[in-house]
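Taking it in order: structure first as structure tokens, then the write-up.
Values in this text are rule-based calculations from the coordinates and carry no lab data. Keep in mind the model is a prediction, meaning the values are calculated, not measured. Reconstructed Cβ throughout: ideal geometry from the backbone, glycine too, with neighbour counts over all protein chains shown.
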Amino acid sequence: MGTLVEEIFSRKTGRTVKAGDIILVDVDYIMSHDNTTPLAIKAFREIGKPIYDKQRIVLHLDHAYPAPNILAAENHRKIFDFVKEQDLPYLFTQGICHQVMIEEGFVTPGAVIIGADSHSNTYGALGAFGTGLGSTEIAVAWVTGKCWFKVPETIRIELYGQTQPGVYAKDVMLHLAGLLGMNGATYRSVEFGGEYIENLPIHERIIFSNMSTEIGAKCGLIAADEVTIKYLTEQTPALERTKRPLEAIQPHNPRYEQLLQIDVSDLSPQVACHPDVDNVKPLQEVEGLEIHQVFIGTCTNARYEDLEIVASLLRGKRVHPGVRVIVTPASQRIYKKAMQNGLIETFIDAGCVVTNPGCGACIGRHGGVLAPGERALTTMNRNFIGRMGSPQAEIYLASPATAAVTALTGRITDPRRYL
Amino acid sequence: MGKAWTFGDNMNTDEIIPGRFNITTDPQELARNAFCEVKPEFAKNVRPGDVIVAGQNFGCGSSREHAVIAIKGTQVKCVIASSYARIFFRNAVNLGLPILECPEAVAGIREGDEVEVDLSTGLIHNLSTGATFQARPLPEFVLKIAEAGGIIQFLKHHDFQELMGQTGKK
Ligand code: SF4
């Protein structure tokens, strides 16, 4: 009974929980990556107790993999050694942690998944409770199998209408970030719903859950419906790994702290401008701004369908000579499909650099670093100062379509001109 | 008693400690670069016992504990903010960094003011102006972790279940 987050926690704890309750929850999976696992190992050693259940621990090397420097290599070494020492079953090196979690079937409706990464909210797109925590709490969960939560109040965002051609889910989410602000949902669960969301395929729903982090949310949930079940059934690992039958989860007689209703029909392409993710403007206000690097990647927008949009706009053309264009598929699986269907060839012929899957340029530590005074337009989720390299560089966030046409002109460009 | 260092709203983890320094977890090492882009003079001049005073949503952004470790490394007495980002709040509690929530104090303290803080009562005294502020009390189970010096210390001597009293189920 209640909001989606109350529903998930009630099912999980076997009793009715309400916003404000403090609960101790049995977690399904505990995720961490090369950036956060070393600290968790350190905390684990300090606690000095054995691992509670190895099957719940999922590790990824994605933030800087393969290692770009000695320190990163040492971090990877620590993790490989730990996996061997503890005989852990799950260590992945095949792409961005959040994408791989979904592809490998760890994310199912009703699951509670904690991750040592702020974008663990991503799992909400499949009706799972996903949230980011620090490394110490990850180690605590390794040894206890549990985590405490204060059940959050919920802000429900109802979206209706249909976007215009050239306007994508990313534009809608950027618009919401601008509307709510970076502090707009702090400590809250954000529930995305309404006819617009119900009609979205999973790869676009993910954008909303993923970027709920940017407005401070504890989780960004979307009801699990037939679309969710169908998506998961088509992926064998999900069926093999899930301990429960795949079931729809909807809110029941919910009480919301806040309810927003937004019509997306008239929305134009949006850009989050330097230096804050809530500094969002309609694209036309910044159109023509010179761009030095375009980065198409990350857990927000580097899925196969995103790459398809980019390829359709670049096919048979060359990117502007003054722009570095980097394409980083979110996972090996996506990379392979893009290769089989000729997308990679299109990118290479257009003059893009295609890198191995992973976080890549997103954190300025693995290629694609920005120089002082440079300006990047990317499909990322956040544009913090200094994130991609020099603190004197500027980062602009947009949809894959906007990124593609901007790559062609070297200036922020409206994708609707290319329809 | 210590000096106040003031910061604005939405200080994110990259501003507290830029990602490029996160290749270490050594508190002193991280402290040397704390806030290096937003307030370059901070790391050089901060003294043990000083206080960080910040606006809303302090510590937003990454889940990295480096931000909390960097601040701990500066040996400030505590952070006083109008509000905290969710993960930062948990990380601070878990790692034993004292944090107080008090928008009134944030409005009533300027850079360089001499500030005295009683962590046990949450009383904040601005010696430069004479004003006194009362911080919001922390939830009881958070206090238990804080009193133990962080979650690791707590778990060494207690069961996780104890945190919840009777509410922990399963
Ligand atoms: S792609 Fe970027 S935002 Fe996503 S997990 Fe990696 S570093 Fe974080």
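Condition check ((1) among the aliphatic types (A, V, I, L, M); (2) within 24 Å of B:Gly150 (Cα to Cα); (3) touching a Phe, Trp or Tyr at 6+ places or on another chain (Cβ under 8 Å)) across all residues:
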site	(1), (2), (3)
B:Met11	yes, yes, yes
B:Thr24	no, yes, no
B:Gln28	no, yes, no
B:Lys39	no, no, yes
B:Val68	yes, yes, yes
B:Ala92	yes, yes, yes
B:Leu95	yes, yes, no
B:Asp113	no, no, no
B:Gly122	no, yes, no
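Determine whether region A:135-150 contains at least one residue that is assigned to a loop (DSSP other than H, G, I, E, B), within 12 Å of chain B (Cβ to nearest Cβ) and of a type in the set (A, V, I, L, M, F, W, C).
No.
Got a sec? Which of A:Glu46, A:Glu74 is surrounded by fewer than 23 Cβ atoms within 10 Å (Cβ to Cβ), away from the ligand (no atom under 16 Å from the Cβ) and over 24 Å from A:Thr328 (Cβ atoms)?
Just a single option satisfies the conditions, and that option is A:Glu46.
Starting from residues that are among the aliphatic types (A, V, I, L, M) and within 15 Å of the ligand (Cβ to nearest atom), keep the ones in region A:117-134 and report whichever is farthest from the other protein chains (Cβ to nearest Cβ).
For region A:117-134, the residue satisfying everything is A:Ala125.
Tell me, please, whether a residue that is within 14 Å of chain B (Cβ to nearest Cβ) and within 16 Å of the ligand (Cβ to nearest atom) can be found in region A:50-59.
Taking every residue of region A:50-59 in turn, none turns out to be within 14 Å of chain B (Cβ to nearest Cβ) and within 16 Å of the ligand (Cβ to nearest atom).
From the list A:Ile41, A:Ile23, which residue is over 19 Å from the mean Cα position of the chain (by Cα), within 14 Å of chain B (Cβ to nearest Cβ) and in a strand (DSSP E or B)? Step through it out loud before you land on a result.
On the way: A:Ile41 fails: in a strand (DSSP E or B).
Residue meeting the stated conditions: A:Ile23.
Looking at region A:162-202 only, could you name the residues that are touching a residue at least 40 places away in the same chain (Cβ under 8 Å), buried (at least 20 other Cβ atoms within 10 Å of the Cβ) and among the β-branched types (Val, Ile, Thr)?
A:Val167, A:Val172 - these are the residues of region A:162-202 that are touching a residue at least 40 places away in the same chain (Cβ under 8 Å), buried (at least 20 other Cβ atoms within 10 Å of the Cβ) and among the β-branched types (Val, Ile, Thr).
Under the condition of being in contact with a Pro (Cβ under 6 Å, 6 or more places away or on another chain) and within 15 Å of the ligand (Cβ to nearest atom), which residue from region A:297-327 is farthest from the other protein chains (Cβ to nearest Cβ)? Steps first, answer last, please.
Our first condition is that a residue be in contact with a Pro (Cβ under 6 Å, 6 or more places away or on another chain); within region A:297-327, this holds for A:301-302, A:306, A:309-310.
With within 15 Å of the ligand (Cβ to nearest atom) added as a condition, the list becomes A:301-302, A:306.
Details: A:Asn301: 19, A:Ala302: 19, A:Asp306: 23 Å.
Out of the qualifying residues, it is A:Asp306.
Name the single residue that is nearest to the ligand (Cβ to nearest atom) among those in region A:351-369 being away from chain B (no Cβ under 12 Å) and not in a loop (DSSP other than H, G, I, E, B).
The residue in question is A:Gly360.
I need a count of the residues in region A:45-68 that are in contact (Cβ under 8 Å) with a residue 24 or more places away in the chain, more than 20 Å from A:Cys147 (Cα to Cα) and in a loop (DSSP other than H, G, I, E, B).
Number satisfying all stated conditions: 7.
Pick out the one residue from B:Thr13, B:Thr24 that is β-branched (Val, Ile, Thr) and farther than 30 Å from A:Ser212 by Cβ.
B:Thr24
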